[in-house]
Structures are given as C-alpha cells and as structure tokens.
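S.K.: Before we start, here is the structure in question, set down as structure tokens.
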Amino acid sequence: MLAIVALGALLLGLVSPPPAPQPTPTNPFNLNPIPAPSNLPVIGRTRAKPVCSAIRRAVAPAVAAAMKNDATFGVMRKTIFDYVIKDSEEARDLHLMQMDRQVDGMVKNVDTIEEALKSSVLDIPATAKPEDAKMLRDLRRSLSAILTAQKAEVNTMSGFVETERMRRFGQLSESELNMQRSNQPNVANGPGGTIPSPIPVSGFLHDTETTFNSAHPAIGHGLNEAHLLDRDLGDIAAVVGKYEEAASKVIIPAANSCK
C-alpha cells in the first residue's frame with residue numbers, strides 16, 4: 001500500500017501541467033531574439049520518449065484508479081465489521097445500499113485500468129530502442145498485475161454485497177448479474193512473469209465462491225464472525241499490496257527516467 005501511495009505522488013508530479021512558457025529573451029537594444037547557447041539541452045526531449053508518454057497517458061491514470069479502489073476497500077472493510085458486530089437490521093439495509101454504490105465506483109475504476117491496458121501508448125514502436133521496448137513490455141505487465149489485484153478487491157466486495165442482498169431480499173438484479181459475469185478475476189503474470197502469491201478468492205469467511213452461497217450460515221452479530229471477515233479482508237489487502245509493490249518496482253524507475 002505504501003509503495004503505490006509513493007508511486008501515485010511521483011506520477012502526479014509527472015502529469016502535472018508544465019510551467020507556462022517564458023518569453024524568448026531579446027536584446028534590449030534592438031529587440032532581436034537572443035539565441036539559446038548550443039550546449040544547453042532541449043527541454044522536453046526526454047519527456048517525449050514513448051515510455052514517458054505511456055507513463056503520463058496510461059500508467060498514471062491506472063495507478064490513480066487503483067489507489068481510489070484501495071481506499072474504498074479499506075472503508076468498506078470497516079463498514080463490514082460494523083455491519084456484523086453492531087448494526088441493527090435497518091442500519092444493515094442502509095449500509096448495503098451504500099456499499100452497493102461503492103462497488104459501482106470500484107467497477108468504474110477497474111474499467112479505467114482496463115482501458116489503460118488497451119492504450120496504444122503501451123505499444124512498442126518499430127523504432128524503439130531495446131531498453132525502451134523492454135520497459136514498455138514491463139509496464140504493460142505491471143498494469144496487468146494491478147488489474148488482477150483490483151478485480152480481486154472488486155469481486156470480494158461485490159460478492160459480500162450480493163450474498164447479503166440475496167439473503168435479505170431474495171434475488172440478484174439484472175445489473176448485479178451482469179456485474180458478476182463481467183468482473184471475474186483476470187489472472188495475469190506480474191512484472192517479470194511471476195505472480196507474487198495467489199489472491200484469496202473471497203473475503204467471505206474463506207468461501208470458495210465469490211458470489212451467493214446458499215450453504216453459508218447467515219451473518220449474525222457475533223464478534224468472532226466480525227473478526228473472521230476482517231481477517232479474510234486483511235489477507236486480500238495484504239496480497240494486493242504485494243502485487244502493487246511488485247508493479248511499483250517497475251513503474252517508479254520508468255517514471256524517474258522521465259523527470
């Protein structure tokens with residue numbers, strides 16, 4: 001988690017609007033432009049590299065979306081603990097509606113990451129240097145790993161909300177069924193072609209399903225149940241953090257090269 005926060009701060013600096021161009025210096029006597037010394041570098045040349053374009057237009061938006069989802073996951077984790085341990089039935093209904101909206105927001109952020117992965121700025125130009133081509137490949141793999149982690153978070157929370165709604169209200173809506181079908185985990189290799197460790201499939205008491213499980217006992221108000229759920233959600237957050245940390249080891253050096 002700390003790695004992706006640091007990464008977000010770095011990328012924010014890279015994608016911030018450049019300073020306003022300064023007027024060309026002129027000779028105060030005849031107002032003719034003063035030519036720049038030939039030994040000065042051309043400002044902006046390094047930022048026009050394919051890798052830097054990929055960082056600004058694909059990687060930065062994807063990382064920002066992942067950070068939003070991580071924050072939402074943390075908020076929902078606390079909500080679920082309260083839902084189990086102290087909520088009245090009326091409060092549970094309200095919290096289910098709130099969590100449903102939060103899941104919708106998480107889905108939109110996952111869509112942003114998927115769009116970033118499809119961006120042509122991650123394609124390797126025919127004229128790319130070998131080191132740039134490798135970096136672009138690594139960036140794409142890193143975004144794919146982040147997407148895998150984020151889908152796990154979304155599936156966990158949507159699974160909890162859908163399961164509870166099924167118990168309380170009887171059936172899933174058409175939009176919920178569509179979301180269930182479209183948000184299956186996209187297993188992809190992390191940077192370097194390896195996955196840090198398997199992501200738990202559910203934060204719902206270690207169920208083997210990410211959606212409604214009719215055999216699962218109803219959620220009660222017990223402290224033990226709350227801690228079991230929180231433990232599972234913590235396991236998922238920890239593994240997602242490992243995915244993001246692995247991705248940061250690729251993205252941060254690439255971003256630093258564009259400063």
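The values are calculated or read from the model by the stated rules, or taken from the named source; none is laboratory data. Note that this is a predicted model, so its numbers are computed, not measured. Methodologically, a virtual Cβ is constructed for each residue, glycine included, from the backbone with ideal geometry; neighbour enumeration extends over all protein chains shown.
S.K.: Looking at the structure I just gave you, is residue 51 touching a Cys at 6+ places or on another chain (Cβ under 9 Å) and either at pLDDT below 95 or not in a helix (DSSP H, G or I) (or both)? Let's see the steps before the verdict.
M.R.: On the way: touching a Cys at 6+ places or on another chain (Cβ under 9 Å): yes; either at pLDDT below 95 or not in a helix (DSSP H, G or I) (or both): yes.
Yes, satisfied.
Results for (1) modelled with pLDDT of 55 or more; (2) farther than 23 Å from residue 230 by Cα; (3) in contact with a His (Cβ under 9 Å, 6 or more places away or on another chain); (4) surrounded by 11 or more Cβ atoms within 10 Å (Cβ to Cβ), shown as yes or no for each residue.
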| site | (1), (2), (3), (4) |
| --- | --- |
| 1 | yes, no, no, yes |
| 6 | yes, yes, no, yes |
| 35 | no, yes, no, no |
| 39 | no, yes, no, no |
| 74 | yes, no, no, yes |
| 89 | yes, no, no, no |
| 94 | yes, no, no, yes |
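S.K.: Just give me the residues in segment 117-153 being β-branched (Val, Ile, Thr) and surrounded by fewer than 24 Cβ atoms within 10 Å (Cβ to Cβ), in sequence order. Walk me through how you get there before you give the answer.
M.R.: As a first pass, look at segment 117-153 and keep what is β-branched (Val, Ile, Thr): 121, 124, 127, 146, 148.
Result: 121, 124, 127, 148.
S.K.: Restricting the search to segment 97-106, which residues are out of contact with any helix residue (DSSP H, G or I) (no Cβ under 6 Å at 6 or more places or on another chain) and either surrounded by 18 or more Cβ atoms within 10 Å (Cβ to Cβ) or not acidic (Asp, Glu) (or both)? Before you say what the answer is, go through the steps one by one.
M.R.: So in segment 97-106, the residues out of contact with any helix residue (DSSP H, G or I) (no Cβ under 6 Å at 6 or more places or on another chain) come out as 97-98, 101, 104-105.
Answer for segment 97-106, where residues must be out of contact with any helix residue (DSSP H, G or I) (no Cβ under 6 Å at 6 or more places or on another chain) and either surrounded by 18 or more Cβ atoms within 10 Å (Cβ to Cβ) or not acidic (Asp, Glu) (or both): 97, 98, 101, 105.
S.K.: Filter segment 116-173 down to the residues that are free of Cβ contacts under 8 Å to residues at least 60 places away in the same chain and outside any helix (DSSP H, G or I), then identify the one that is nearest to residue 237 (Cα to Cα).
M.R.: The extreme case among them is 172.
S.K.: Same structure again: Can you find a residue that is at pLDDT 80 or above, exposed (fewer than 14 other Cβ atoms within 10 Å of the Cβ), under 16 Å from residue 73 (Cβ atoms) and of a type outside the set (D, E, K, R) anywhere in segment 219-231?
M.R.: no
S.K.: So which residues in segment 153-168 are modelled with pLDDT under 90 and among the charged types (D, E, K, R)?
M.R.: Selection gives 162, 164, 165, 167, 168.
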